[in-house]
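Where a number appears in this text, it was derived from the coordinates with a stated rule and is not lab data. Since we're looking at a predicted model, the values are computed, not measured. As a convention, Cβ positions derive from the backbone with ideal geometry for all residues, glycine included, and neighbour counts pool all protein chains shown.
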Amino acid sequence: MDNNMRLQLFANELNDIKDAKLQAFAVKLLTNAPDYFFTVPASSSGKYHPYFAREEGGLVKHTRCVVFYAECNAESFNFDSHIKDLAIIAALAHDIKKQGNNNTGSHTVWEHPELAYNFILETQKNNPDLITVEDATIIANAILCHMGKWQHDAQFTRGKKVFPLPTTLFDYAIQSADYMASRVELTGFAFRPTDGVIVRGYETLNEEKTTVETSPVQTESVPSDVGDTIFPFGKHAGKTIREVAAHHPDYIDWMINKANFNNTDMLDKVKLYIEQKKN
């Protein structure tokens, strides 16, 4: 499954993330997730989760449910916009390594919270301009304990590795969202349609390989120094036009010369900056 299709599955959830850099971090996680994450059922045994999560693609549906309940918890707990964004990312990534690190999983791996924990911190290390260590740790810690008592209490662990219980309100927001979304008694869920939904802010994830359609980024008027405008998409997401022009001029040339570049708003700002430099 190419990156376009991966993002389309979670287009609504990605658009719920308000901060452009955090959204870019979530995109990095999804585009580097194991292939099976987008196709396997949520329950490898077929015994757990609602009926719609036990079919092909069920793990995606389960994850979308968890995001919904995490957002409900964030609203109920009065999280601010930034912490709500972190909750969405934690919900998106909580089962991202459910069947292990390999692209072809076969069953749920007991250590999947730890694998996802490491994945979050590794991705932050590779993209420090998108998310701070502190915020990535908040997400990773919540994922590490998202199984709650089922991976902590002796009656469930039975000699297996013991994982921590939730300790913060943020941890509980994610753990309870996962618990509610995994109930067999959940007989239906009104998923938001994804057909035609555009992932806000993304022209491309990798300009050499993958293009994602987008509407113009909704921005305020051009800043007095347009060079301070931050790229909300691509491999330079989170960097300013000035930084990219100084250190990656080939990327700027590619944007200007690419036929039918979809993000005309950002392209106009880049062209304006280049003109300002000439003058």
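Summary table
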item	result
Correct option for percent of Cα pairs over 35 Å apart [calculated from the coordinates] among (1) 12; (2) 30; (3) 20	(3)
For segment 53-69, 3J(HN,Hα) per residue [Karplus equation, 6.51 cos²θ - 1.76 cosθ + 1.60, θ = phi - 60°, Hz, x = Gly/Pro]	9, 9, 9, 4, x, x, 5, 5, 5, 4, 4, 5, 4, 4, 4, 4, 5
Extension reserve of the TYR51-HIS152 stretch, reckoned as 0.36 nm per residue once the Cα distance is removed	33.7 nm
LYS278-MET5 FRET efficiency (beta carbon distance; Förster radius 35 Å; 0.05 resolution)	0.30
Packing rank of 70-78, 148-156, where each peptide gets the mean count of other beta carbons within 10 Å, highest leading	70-78, 148-156
Cα-Cα over 18 Å, subset of LYS239/LYS269; LYS61/LYS97; LYS97/LYS149; LYS239/LYS271; LYS98/LYS161	LYS97/LYS149
Principal-axis tilt of helix 112-126 within the chain, Cα atoms, nearest 10 degrees	20
Residue order, fewest to most beta carbons within 10 Å, for GLU134, GLU55	GLU134, GLU55
Charge dipole (debye, nearest 20) of the chain; +1 at Cβ of Lys and Arg, -1 at Cβ of Asp and Glu	640
Length gained when the stretch GLU185-ASP80 is fully extended (0.36 nm per residue, less Cα-Cα span)	34.7 nm
